[in-house]
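Below you'll find the structure, written out as structure tokens, and then a few comments.
The numbers here are math on the coordinates, done by the rules we state, and not lab data. As the structure is a prediction and not an experimental result, all values here were calculated from the model. Quick reminder, even Gly has a Cβ in these numbers, built from the backbone with ideal geometry, and neighbours come from all protein chains shown.
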Amino acid sequence: MEAAVFISSLVDCCALIFLSVYFIITLSDLECDYINARSCCSKLNKWVIPEMIAQALATVLMLVSMHWFVFLLNLPVASWDVYRYVKVPMGNMGVYDPTEIHNRGQLKSHMKEAMIKLGFHLLCFFIYLYSMILALIND
Amino acid sequence: MSKPATNSSHTPEVSSSSLSETAPFLDFLHSRGSLGFVWMTLAVSSTTTGSASPVPNSYESLEGGGYSGTSLQCSLRHLNPCPQTRPLPLSRRVQPTRIPAVLAGTDTSLGFRKCVIQEELSSALGGLSGVSELEAETLRPMNLLQERNILPPKRAPPPEPNLSNDLRKVNCSPDTFRCTLTNIPQTQALLNKARLPLGLLLHPFRDLTQLPVITSNTIVRCRSCRTYINPFVSFLDQRRWKCNLCYRVNDVPDEFMYNPVTRSYGEPHKRPEVQNSTVEFIASSDYMLRPPQPAVYLFLLDVSHNAVESGYLNVFCQSLLDNLEKLPGDTRTHIGFVTFDSTVHFYNLQEGLSQPQMLVVSDIDDVFIPTHDSLLVNLKESKELVKDLLNALPGMFTHTRETQSALGPALQVAYKLMSPTGGRVSVFQTQLPTLGAGLLQSREDPNLRSSTKNVQHLGPATDFYKKLALDCSGQQIGVDLFLLSSQYSDLATLACVSKYSAGGVFYYPSFHHIHNTAQRQKFQKDLQRYLTRKIGFEAVMRIRCTKGLSIHTFHGNFFVRSTDLLSLANVNPDSGFAVQMSIEESLADTSLACFQAALLYTSSKGKRRIRVHTLCLPVVSQLSEVFAGADIQAISCLLANMAIDRSISSSLSDARDALVNAVVDCLTAYRANGSNIQPSGLIAPAALRLFPLYVLALLKQKALRTGTSTRLDERVFSMCELKSQPLQQIMHMVHPDLYRIDNMTELAALHLNDSVIPQPPLLQLTAEKLTREGAFLMDCGSVMYLWVGKCCNEMFICDVLGFPNYASLPSNMTEIPELQTTYSERTRAFISWLLESRTFHPAFHVVKDDASTKTSFFQHLVEDRTESAFSYYEFLLHVQQQMSK
């Protein structure tokens, strides 16, 4: 049971890692003028909700299986995701808005955010891996 | 995005080799899925350059890569072999005869004396005689609490940068290109210490009386950063020149050695590109993605009941008929009309028809275009039909009962019609759009108009118009919006369609062709200017700065396509832009910072042109010099732009607090820098003495004021104006000019062209300066008020206004009659002198006791106290109090 929980959260975490890397690549493409702002933002906006769902899934899994420490570790990121999504002004075309992305250093802050998430997901990945192996061994 | 008609290999510049290496990497990344991702990403980010891209990203590659200072710095540092001498301290005097090589052409010594030339350049800049007095004057400390008369008697000219005379002569005109700090600080730390924003205010497409046009085949540009050659480059010898933005040494092409103007060979520094900082190049086909487009004009007219009631159609049709010949364009000009109420109507103007044919599409959920060819017709061929239509249009809808307005579907149809070519769409709307896609709700609560707390609904309600604007911008369609409504029409959302497609917003609140003659006259005059002014199509603009400076925020109506490339579907001579910069690396090894704005556009005659402006400013290392060179008008405009951004993204009260803090911080920084200033009184340097006044005036603008009843649409329109007008207009709006005109004398008058133009002094904007015995003129840019005191001498009222006494003055007089008295001639000469370089004529009001104009007149007296805002003196005390916290 434990093992199943950790296997699924490991898979979830892998998906989140791939997503963060995709975000980083797309944002850096925009920085280097390989794609334009509109296509970059539409690509990224498409994956905002799946990312939120995946993060929420990981958090809920940890909550349900009563691993409090990991739950508390995941909670800030999940709530930040939700906050970011909810706080988008009405006139903006999603979390990544092509008219605003070049203003006020938003591109840099999005990049920083994606990097931090990547680091966080890598950390979680190893935590889950370790816990999964422990759980498999103990079974 | 317009599809390139030719092969993407039309990109003329050489991309640095590292780019072509990374491109296949990225393909690999996108298509595979290995875990090598992360390491590859790190490799990519370390080799990013930002120059031309291999993907045919149309205009970026055409205009040339932007300079991405951070990544190229390692490879370029070694290209700067000469040890740069530091600029000499300003107090030291240097013989003014040492002229920089770029302008003097010290030919024989050029070959081997690179370092000497550098030295000459920097020494010519620092320590010219007379500089120390100028700096001392601008740094003279003044106690603002005690000095009552801080306004100069005439509008102050922009501060001159502290450069040698030769550089100053060729430097870009401050009307075109202005920086908030004419002495650029060396490091970001120094800039932060000064607590002043660093930015540029541009008016690149301004109407110019004199513009050198270069017709040569080769346009000389730097190979790495693609800067155009300008007066501030240095020629190392006759065959090589050094870019002043990235310091790369480039070769001078052979064609450039010949100077067609003086017919001489071997003097590249005498060519017009190097002698003028504002030039226009004729662009070759390398600079075109498709053949230059013709001028295409589409007019989208609201014909609902509301619209017909207001009567704008008559004014519009008459105006267009009068100006049909003067529409900018050539034989390929196309024109079209679409009207809409709850359905969309098209007009078939095919040449050969006996009269225009109207086609109605009532399915607004899925609008389609009924015929393909004859809706946008060639103006020359179908001129008679167009005239017939314009004559018939006002009468066609007089009995309409439609009250709904399907603006969204009409815009969608306009987009479809114009997509193949691009052009300009002019939308005339008189109410809230209530039908179809993009319908809006009324969001304003009239009870909250004077709320002192947060003002809501300053941002758009839906992203429909933004998306449409981006689509239009991609197809080179600019949308201009004329809003003529008397009720709330959610301008905050509607304006997005113009903001991001490089159009303009015009607002005529309570427009009515009979009851509101002032608005009607203004509309007429504005239309005249709008229809006949110069226009540029499918434009892009790029702003480049010296290595070390980078631009991080843009203000104005355009779409920021990439880090410093602005996509402007239409460019017009009445819009201004602002950018904010930061200093990424220290500028310690240069003594000059240069900025170049290059605007690539298609003229209305189908010629592709590039207008280039270059500005050069000195770099300083002392805080006092930074203060000495502060341009307070530019700073106020940039702060206004920043405040509006802040009020939309966070809240209005935050923005207001931030403005006050800007003054407090700046004056505190000045005080901390000065050594022995007593802390009593509010000390400011002479360069910044108007700073608190301008900020107070900003706080009392319709855009940013609280506590006074302001309609939401008017507030939003004021914000749009502050963000898109050029600097002179904004300054007139924010701090109008007040003159007493009933006692103007010939003392110190200007004598121009046989007319004597009196020069009354500027008065401070306070009721103290108004007297009942006088008549005062207030010039607010888009509107002018002539306030006549109750006991004004009757000779003035008689001679200038044409009425026997005060009581007989009508309450809604909107122009000064042309009488033959000297007083009248003098007054009219003065007013026309004021309006000389103005492009949009202001509405004129004679203010007597009429309630509405009197309130607006008194609202502009910013130094006075109102029930919700400080007087000037109270504001100074407030600032002083904040400073002592």
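Looking at the protein assembly as shown, send over the antiparallel percent of its DSSP beta bridges, to the nearest 5. Percent antiparallel among DSSP bridges in the protein assembly as shown is about 70. Quick one: grab the alpha carbon gyration tensor of the protein assembly as shown, order the square roots of its eigenvalues as a ≥ b ≥ c, and give me rounded if a/c is under 1.5, else prolate or oblate depending on whether a/b is larger than b/c. Rounded, since a/c falls under 1.5. Helix A:48-64 axis versus longest C-alpha principal axis of chain A: approximately 20°, rounded to the nearest ten. Within the shell of other residues whose beta carbon sits under 11 angstrom from the beta carbon of B:LYS380, the net charge comes to -3, with Lys and Arg scored +1 and Asp and Glu -1. In this label model, B:GLN524 and B:LEU211 are separated by 3.0 nm, measuring between points 7 Å along each Cα→Cβ vector.
Projected onto planes of every orientation and averaged, the convex hull of the alpha-carbon atoms in the range B:213-275 covers 3.8 nm². Length, then width, then depth: along the principal axes, the Cα atoms of the range B:736-861 run 40, 30, 27 Å.
Under a model in which nothing but the beta-carbon of Lys, Arg (+1) and Asp, Glu (-1) is charged, the range B:213-275 shows a dipole of about 180 debye around its Cα centre.
Extending 7 Å from Cα along the Cβ direction at B:ASN143 and again at B:ARG168 yields two label points whose distance is 3.3 nm.
With all projection directions averaged, the alpha carbon convex hull of the range B:769-825 covers 4.2 nm². For a straight C-alpha distance cut-off of 20 angstrom, the lysines reachable from B:LYS854 (same-chain residues fewer than eight places away being disregarded) are B:LYS522, B:LYS700, B:LYS702, B:LYS769, B:LYS790.
Based on the Cβ-Cβ distance from A:PHE69 to A:TRP47, what FRET efficiency comes out when R0 is 25 Å, to the nearest 0.05? Between A:PHE69 and A:TRP47 the formula returns 0.30.
Taking 7 Å steps out from each Cα toward its Cβ at B:HIS878 and B:LEU448 produces label points 2.2 nm apart.
Residues B:LYS885, B:LYS723 in ascending order of nearby Cβ atoms (within 10 Å, fewest first): B:LYS885, B:LYS723. For the range B:560-663, what does the alpha-carbon gyration tensor say about shape, rounded, prolate or oblate, given a ≥ b ≥ c as the root eigenvalues, a/c under 1.5 as rounded, and a/b over b/c as prolate? It comes out oblate by the Cα gyration axes. Estimated at 0.36 nm per residue, the fully extended path between B:GLN859 and B:THR814 surpasses their Cα-Cα distance by 14.3 nm.
Compared with the dominant Cα axis of chain A, that is its longest principal axis, helix A:106-138 is turned about 10°. In summary, the aspartates and glutamates within cross-link reach of B:LYS383, defined as a Cα separation below 20 angstrom excluding same-chain residues under 8 places away, comprise B:ASP322, B:GLU325, B:ASP330, B:GLU351, B:ASP373. A Förster radius of 45 Å combined with the Cβ-Cβ distance from B:GLU325 to B:GLN441 puts the calculated FRET efficiency at roughly 0.55.
Remark: for residue pairs A:LYS43/B:LYS467; B:LYS416/B:LYS499; B:LYS466/B:LYS525; B:LYS499/B:LYS848, the C-alpha separation exceeds 27 Å in B:LYS466/B:LYS525; B:LYS499/B:LYS848. Between the beta carbons of A:PHE18 and B:SER651, assuming R0 = 30 Å, the FRET efficiency works out to 0.20 to the nearest 0.05. Taking the Cα centre of the protein assembly as shown as origin and assigning +1 to Lys and Arg Cβ atoms and -1 to Asp and Glu Cβ atoms, the resulting dipole is close to 1640 debye. Stretching the chain fully between B:ALA807 and B:THR218 yields a gain of 205.1 nm (0.36 nm per residue, less the alpha carbon separation).
When only the Cβ of Lys, Arg, Asp and Glu is charged (+1, +1, -1, -1), the dipole of the range A:1-138 relative to its Cα centre reaches about 220 debye. Listed cross-link partners B:LYS326/B:LYS534; B:LYS380/B:LYS605; B:LYS242/B:LYS607 are compared with a 21 Å cut-off, the Cα-Cα value being larger for B:LYS242/B:LYS607.
With a cut-off of 10 Å between beta carbons, the residues surrounding B:PRO141 carry a summed charge of +3, where Lys and Arg count +1 and Asp and Glu -1. Positive end of the dipole of the protein assembly as shown (Cβ unit charges, origin at the Cα centre): among B:MET418, B:LEU435, B:SER624, the Cα lying farthest that way belongs to B:SER624. Close amide H partners of B:ARG140, meaning residues 5 or more places away or on another chain with modelled amide H under 5 Å apart, are B:ALA686, B:ALA687.
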